[in-house]
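A quick write-up on the structure given underneath.
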Amino acid sequence: APILVWFRKDLRLHDNLALATARENGRPVIPVYILEPKAAGTGPLGAAQAWWLHHSLVSLSTSLEEIGSRLTLRHGSAEAVLGSLIAETGATAVYWNRRYDPPGVAIDTALKETLTTHGLTVRSFSGQLLHEPSRMRTGGGTPYRVYTPFWKALDASGEPPAPLSAPISLAGPTVWPRSEDIACWTLLPQQPDWAAEFSDVWHPGEPGARKRLASFIEEGLAGYRHGRDFPARPHTSKLSPHLAFGEISPAEVWHATRGLGGRIDTEDVIHFRKELAWRDFSYHLLFHFPDLSTRNWNPRFDRFYWSGSPDFFRRWTEGRTGYPIVDAGMRELWRHGTMHNRVRMIAASFLVKDLLIDWREGERWFRDTLVDADPASNAASWQWVAGSGADAAPFFRIFNPITQGEKFDPDGDYVRRFVPELAGLDARYIHKPFEAPQAVLVEAGIRLGESYPLPIVDHRKAREIAMAAYQSLL
Ligand code: FAD
C-alpha cells in the first residue's frame, strides 16, 4: 500500500526526512500538496507569497517528475483531502515534516489522532528548524525569553544532523490520483501584474535556493559580519524566502558554512549562523506564545496610544514619507517583495515611533507583501522593533532615519536605486533633501512637495511625542 508524503513548508527533495524515510520503506510514494483554507491564527497567505508558492510548486513538480514521481495538488481542509486520497489510493500511511506555527500544529495534532484512530500510520519528522523548539529549555525548564542564552544553548547542543541527499528515484503507484491544475488556484496576480519585477530578483524552488546558497558562500559570506548592515552591498544571503518555503533546510545552510577555514573569517561564519539562530529563536517564541502576531508580549504596551492616521499609514506603504531611506525600503518591498534587514528596522521603527501606528498594522502589511513573510520571524521582529517583545530593543531607542541612512547608505546608492526621482541629488543631501539649498535641488531636477514629498512628520518633534506617549505607560 502507498505512503502519502504531505509537503508543506518543505518544498524540497534534499534533506527531506519524511520523503527519505518513506522511500526507504520500499513502498509506492505519493507526494501531495494541499492548498489549505486560510489558517485562523497566522492569517491568509500573503499576495507576494502566493506568487512564490505558485512557482515553487511548479518547480517541485518538475523535480519529482525527474525522479519518476509526481506531485498531486488538491485544495481543501487537510482532513478532507487526506481522507479522500486515502480512500482513492488505498494508502495506509501518511508522513510529513513538522511545522511550528500554532494553527498548523493544532491541525496536525488533531489529524494525527483522527488518522491513527482509523488505523493509519502517521509519522512526523523534523527539518524546518535547526532544533526542535520544544526541546530548547533553560536550566529552570522554562522557555527562553532572551536571545543570547538561547544562542549559547543552541550552539552548545551540537551541530544539526548532516543533511540528507535527494533521492535519485521514487517509486509511485500504478494509478496516480487526480491532481488539480495549479493555474486554477490563481495564485499569480491578475492585472495589473504588480509582481512583474519579482522574477528579475528571485528564482523560487529548490534549484534556485541551492544556487543562491552556493553563490552567497562564494561571494557574500566573506565580510558578512560588517557588510550585512549596508543595503547597497551584496553581503546578505537572500535565502529567507527559500527558508520560509523550506526549499532548503536550515541544517543544509548551516553545514554549507563548515570547513571554509582560511578562506573565510570565522567571525563571518559565526555571525551568519547567529542570524539563522534568530529564526529558530523566533519560532521558539511563537511556539510558547502563540499570539505573538496579535498580542503585545509585554502587556504594558496594551495601553499605548496609537494616534497615527490612516493617511500616514498609506503614505508609509507607498514609500512617500519624505524620508528617503524609509521610502527606498518601502518601494523595494513593493517592487521586489523584500527589504534589506537594516532598512526593515528603520522603516518599522518609523511606522511605530514616528507615525505612532500600531506595529500590528505594519506586521500585516509585511505579511502581505514580503516573499519571506514568516509567522514567527515577522511577528517577533515587529515586536522587537516596537519594544513590546521578548528581548526587544527598548522603546526609547528610536531610529533616526537621517543618520541611519547616512551611516548605512553613505553614498545613497540604495536610495538612488529605489527612489529614482532623487538619483541626481548630491550625496550630502540624499538622506535629507529637505535641507538641501534650492540651487542644489534645482540642479538635481527635484521639486520638493511635488516630484518628491516633504517629510510627513518632523523626526525630532515626532520623537518627543513618542517618548511622551511611552512615559505615560511607566
Ligand atoms: P541573512 O542576513 O543572509 O540571514 C540568513 C538567514 O537568517 C535569513 O535568511 C533568515 O532566515 C535568518 N534571519 C536573519 N535575520 C533574522 C532575524 N532578525 N530574525 C529571524 N531570522 C533572521 N525574516 C523573515 O524570514 N521573515 C519575515 O517575515 C521577517 N520580517 C521581519 C520584519 C521586521 C520588521 C524586521 C526588522 C525583520 C524581519 N525579518 C524577517 C528578519 C530579517 O530582516 C530577514 O530574515 C532578512 O532580512 C532576510 O535576508 P537574508 O536572507 O539576506 O538574511
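The values are calculated or read from the model by the stated rules, or taken from the named source; none is laboratory data. Fair warning: this is a prediction, and the values are worked out from it, not measured in the lab. Backbone-built Cβ (ideal geometry, glycine too); neighbour counts: all protein chains shown.
Overview of results
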quantity	calculated
Unique match (being in contact with a Leu (Cβ under 7 Å, 6 or more places away or on another chain), within 30 Å of PRO161 (Cα to Cα) and not acidic (Asp, Glu)) among VAL94, VAL105	VAL94
Of all residues making up region 308-356, the number that are within 20 Å of VAL201 (Cβ to Cβ) and touching a residue at least 60 places away in the same chain (Cβ under 8 Å)	16
Yes/no for ALA392 being under 23 Å from the mean Cα position of the chain (by Cα), within 15 Å of the ligand (Cβ to nearest atom) and part of a loop (DSSP other than H, G, I, E, B)	yes
Filter pass, GLY208 being of a type outside the set (D, E, K, R), within 25 Å of ASP10 (Cα to Cα) and over 16 Å from the mean Cα position of the chain (by Cα)	yes
Single unsatisfied condition, ASN296 versus (1) part of a loop (DSSP other than H, G, I, E, B); (2) out of contact with any Ser or Thr (no Cβ under 6 Å at 6 or more places or on another chain); (3) more than 28 Å from LEU188 (Cβ to Cβ)	(2)
Yes/no for ARG331 being more than 12 Å from the ligand (Cβ to nearest atom) and either under 12 Å from the mean Cα position of the chain (by Cα) or basic (Lys, Arg) (or both)	yes
Boolean, LEU356 is under 23 Å from GLU275 (Cα atoms) and either modelled with pLDDT of 95 or more or near the ligand (Cβ under 8 Å from one of its atoms) (or both)	no
Among (1) under 26 Å from TRP297 (Cα atoms); (2) not in a helix (DSSP H, G or I), the one test that ARG364 misses	(2)
Subset tally (residues that are in a helix (DSSP H, G or I) and either among the hydrophobic types (A, V, I, L, M, F, W, C) or on the phi > 0 side of the Ramachandran plot (or both)) for region 241-291	16
Segments classed as strands (runs of 3 or more DSSP E), wholly inside region 62-180, with at least 1 members that are out of contact with any strand residue (DSSP E or B) (no Cβ under 9 Å at 6 or more places or on another chain) and in contact (Cβ under 8 Å) with a residue 24 or more places away in the chain	none
Odd one out for ILE325, checked against (1) closer than 27 Å to ASP411 by Cβ; (2) among the β-branched types (Val, Ile, Thr); (3) near the ligand (Cβ under 10 Å from one of its atoms)	(3)
Of all residues in region 330-362 being acidic (Asp, Glu) and surrounded by 22 or more Cβ atoms within 10 Å (Cβ to Cβ), the one that is nearest to ARG460 (Cα to Cα)	ASP354
Residue list for region 238-265, filter: among the small types (Gly, Ala, Ser), surrounded by fewer than 21 Cβ atoms within 10 Å (Cβ to Cβ) and under 25 Å from PRO375 (Cβ atoms)	SER240
Leading residue by the ranking (farthest from PRO161 (Cα to Cα)) among those in region 253-285 that are hydrophobic (A, V, I, L, M, F, W, C) and away from the ligand (no atom under 11 Å from the Cβ)	ILE264
All positions within region 404-416 that are assigned to a helix (DSSP H, G or I), out of contact with any Pro (no Cβ under 9 Å at 6 or more places or on another chain) and in contact (Cβ under 8 Å) with a residue 24 or more places away in the chain	GLN404, GLU406
Subset of region 222-240 that is within 26 Å of ALA376 (Cβ to Cβ) and part of a helix (DSSP H, G or I) - its residue that is nearest to the ligand (Cβ to nearest atom)	SER240
Residue check for ASP372: of a type in the set (Asp, Glu), within 12 Å of the ligand (Cβ to nearest atom), touching a residue at least 12 places away in the same chain (Cβ under 8 Å) and not in a helix (DSSP H, G or I)	yes
Residue check for ARG335: more than 17 Å from PHE230 (Cα to Cα) and among the charged types (D, E, K, R)	yes
Given (1) more than 14 Å from the ligand (Cβ to nearest atom); (2) in contact with a helix residue (DSSP H, G or I) (Cβ under 7 Å, 6 or more places away or on another chain); (3) assigned by TED's automatic domain parsing to the domain that holds TYR429, index of the condition TRP316 fails	(1)
Odd one out for ALA348, checked against (1) farther than 28 Å from PRO133 by Cβ; (2) within 13 Å of the ligand (Cβ to nearest atom); (3) of a type outside the set (Ser, Thr, Tyr)	(1)
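Condition check ((1) of a type outside the set (Phe, Trp, Tyr); (2) in contact (Cβ under 8 Å) with a residue 40 or more places away in the chain) across all residues:
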{"site": "ALA423", "(1), (2)": "yes, no"}
{"site": "ASP426", "(1), (2)": "yes, no"}
{"site": "TYR429", "(1), (2)": "no, no"}
{"site": "SER451", "(1), (2)": "yes, no"}
{"site": "LEU454", "(1), (2)": "yes, yes"}
{"site": "MET467", "(1), (2)": "yes, yes"}
{"site": "LEU473", "(1), (2)": "yes, yes"}
